[in-house]
Amino acid sequence: MTIDSHQHFWNYEPVKHEWIDDSMSVIRKDFLPEDLQKVYVENDIDGCVAVQADQTLAETDFLIDLAADNSFIKGIVGWVDLRDKSTIDVVLEKYSHFNKVKGFRHVVQGEPDHNFLLRPNFLNGISKLKTHNFTYDILIFPHQLGATLEFVRQFPNQKFVIDHIAKPYIKDGFYDGWATLMLELGKQDNVYCKLSGMITEADFNTWSPKQIQPYMDLVLNTFGANKVMYGSDWPVCLVAGNYKEVKTLVTNFIANLSETEQESIMGRNTTQFYNL
């Protein structure tokens, strides 16, 4: 099976989705399951993991409702306030009763505190996830990789996945600093990485597979075929290409791997990581 490990849905609202700036105006509209289902039929995708795009409990409930009505949504990565010591136990217990809720994410890339992941209240919330077998998606920029390495080392039994290969500055050609820390993260047995969100870190209009390949090489060589997942980042990917281009970027890159390794990257790893 081919499973897309990372995509989003939303009913577009200018204030809620203010992160969609003028350069991304093509995605200033609604994106719902009926839109994605057509894309999946065209591209031979069997299912997906829907990931939060808004930091509210209402967003998590929105994804639960969509998944209940659309069987191709195999799992959900929602949001809860992991910092809130007074509510976190109750909230996690509530969501543990929804089978398609597999894990959670916080938009750490948007936090001004470079050490956000290491603050005691956030660490407390993360410590509660394993009890319910929840995963955690790490959404960061490269300058937060140092804190991320310290963070994951504190929870060797917690399953983590790096979203969008930690958003390296592909457009600017920056590589070395990102690569050094990603090499260390890849050594952690509990940390996976999504081959996703790459074309939007390159130049929207002029990116090429050749430009992105060194970053994909580093991820594959560091994490290995058993800890890398294909993801589209639809509909965000549409600002720099179409779904077929995103999928082809990855399938061409892994074409020389064994059939087993290709199947792992294109679906099996996602299925196992999220317990789909």
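Contact order for the stretch 111-266, expressed relative to its length and based on alpha carbon pairs under 8 Å spaced 6+ residues apart, stands at 19 percent. Exposure proxy ranking for CYS193, CYS48, CYS237, based on other Cβ atoms within 10 angstrom of each Cβ and starting from the fewest, stands as CYS237, CYS193, CYS48. In terms of its alpha-carbon gyration tensor, the stretch 88-142 comes out prolate; a/c meets the 1.5 threshold, and the first ratio a/b outweighs b/c.
In this structure, the pairs whose alpha-carbon distance is over 26 Å, taken from LYS38/LYS171; LYS29/LYS167; LYS16/LYS244; LYS94/LYS244; LYS210/LYS247; LYS29/LYS85, are LYS38/LYS171; LYS16/LYS244; LYS94/LYS244; LYS29/LYS85.
Does the stretch 166-276 come out rounded, prolate or oblate by the C-alpha gyration tensor, with a ≥ b ≥ c the root eigenvalues, rounded set by a/c under 1.5 and, if not, prolate when a/b is larger than b/c and oblate if not? Because a/c hits 1.5 or more and a/b fails to exceed b/c, the stretch 166-276 counts as oblate.
With contacts taken as Cα pairs under 8 Å and at least 6 residues apart, the chain reaches a relative contact order of 20 percent.
This model, with +1 at the C-beta of Lys and Arg and -1 at the C-beta of Asp and Glu, gives the chain a dipole about its Cα centre of some 680 debye. Each of (i) 25, 22, 19; (ii) 41, 23, 19; (iii) 41, 19, 15 is a candidate for semi-axes √(5λ) of the Cα gyration tensor in Å; the one calculated from this structure is (i). In the chain, taking the dipole from charged Cβ atoms about the Cα centre, the farthest positive-side position among GLN188, TRP10, ASN256 is held by GLN188.
Readers should treat all values here as calculations from the given coordinates under stated rules, not as data from a laboratory. Because the structure is a prediction, the values reported are computed rather than measured. Glycine also receives a Cβ, built like all others from the backbone with ideal geometry; neighbour counts cover every protein chain displayed.
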